[in-house]
Amino acid sequence: MTGALILDFDGTILDTEGPVYEAWRELWEACGVTLEREFWQSLIGTEAGFDPWAALVDQVGPLDPNLQDHRRARRDELQALESVRPGVLDWLEQASSLGLPVGIASSSPAEWVVGHLSRIGLLHRFGCICCVSEEVPAKPDPALYLSACDGLGAAPGLSVAVEDSPHGVASARAAGLYVIAVPHDLTADLDLSAADMVVGSLVAVALPDALGRAAARSGLDR
């Protein structure tokens, strides 16, 4: 039996969460409406069916469609300033040295995740990318992590998940993985206590140590 390293994407590999929220917040503010931070936090890591554009139109009436283009341009501008989160590249190198399969489990659409991974040059580092679809529900359902483990031929109990949100932590825990939570600015004040470990960044822990903890918890290190 083998384990795997499975990472969430948004906010975990790359902080896309902040730019997406900030671009929408600025648009709402320009229209005289507040997009509450706490409400947005409740959506992180899952697919709640909330449409910020439709919700804004409901409150202020018809809007110039060009505002959507401006909002996307602002999002992309902010995302271009973001680097891969601390420790992620080191963990990917450690996984490669260990011969450990690596995957992604994301509540975002595949085109979003694959597009960003291609842009930052990391697409080739992942053997399996599981994203939300009609067949696979979003987190906190465990299906994404179970699908990723299955795609990598890995035992969930020997595998390590890296997450940034309560929805993601719940998903990985329900699937049986050892969960390390690494919050960012939008999730740092959320309850991530269901994770096995909460760290400021992946720099704080080595991948072999996390794998050993996963095996010990499963009783499969004997």
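Residues in region 115-153 that are surrounded by fewer than 20 Cβ atoms within 10 Å (Cβ to Cβ), of a type in the set (A, V, I, L, M, F, W, C) and either touching a residue at least 60 places away in the same chain (Cβ under 8 Å) or under 23 Å from residue 84 (Cα atoms) (or both): 117, 120, 122, 123, 128, 129. Among the residues of region 59-75, write down those that are over 18 Å from the mean Cα position of the chain (by Cα) and surrounded by 10 or more Cβ atoms within 10 Å (Cβ to Cβ). Listed by number, the residues that qualify are 59, 60, 63, 67, 68, 69, 70, 71, 72, 73, 74. Within region 70-85, the presence of a residue that is of a type in the set (Asp, Glu) and over 30 Å from residue 203 (Cβ atoms) is excluded. Note on region 33-130: enclosed helices (runs of 4 or more DSSP H) holding 1 or more residues that are under 30 Å from residue 154 (Cα atoms), in the same structural domain as residue 144 (by TED's automatic domain parsing) and of a type in the set (Phe, Trp, Tyr) are 88-98, 110-119.
Can you tell me which residue in region 47-75 is nearest to residue 117 (Cα to Cα), limited to those that are among the charged types (D, E, K, R) and free of Cβ contacts under 8 Å to residues at least 40 places away in the same chain? Top of the filtered list is 69. Considering only region 92-121, state which residues are out of contact with any strand residue (DSSP E or B) (no Cβ under 7 Å at 6 or more places or on another chain), more than 21 Å from residue 208 (Cβ to Cβ) and of a type outside the set (Lys, Arg). 107, 111, 112, 115, 117, 118, 121 - these are the residues of region 92-121 that are out of contact with any strand residue (DSSP E or B) (no Cβ under 7 Å at 6 or more places or on another chain), more than 21 Å from residue 208 (Cβ to Cβ) and of a type outside the set (Lys, Arg).
State yes or no: is residue 201 surrounded by 16 or more Cβ atoms within 10 Å (Cβ to Cβ) and among the polar types (S, T, N, Q)? Judged against the criteria, residue 201 is not a match. With respect to the conditions (1) buried (at least 20 other Cβ atoms within 10 Å of the Cβ); (2) farther than 14 Å from residue 9 by Cα; (3) in contact with a Pro (Cβ under 7 Å, 6 or more places away or on another chain); (4) touching a residue at least 60 places away in the same chain (Cβ under 8 Å), residue 164 falls short on a single one, namely (2). Within region 13-56, being at pLDDT 95 or above, polar (S, T, N, Q), closer than 23 Å to residue 166 by Cα and touching a helix residue (DSSP H, G or I) at 6+ places or on another chain (Cβ under 8 Å) holds for one residue alone: 16.
Scanning region 78-90 for residues that are surrounded by 12 or more Cβ atoms within 10 Å (Cβ to Cβ) and under 18 Å from residue 20 (Cα atoms) yields 78, 79, 82, 84, 85.
Entry remark, region 168-186: residues being of a type outside the set (Gly, Ala, Ser) and buried (at least 24 other Cβ atoms within 10 Å of the Cβ) number 6 in total.
The values are calculated or read from the model by the stated rules, or taken from the named source; none is laboratory data. Keep in mind that this is a model prediction, so the values were computed, not measured. Using ideal geometry, Cβ is built from the backbone for each residue, glycine included, and neighbour counts are taken over all protein chains shown.
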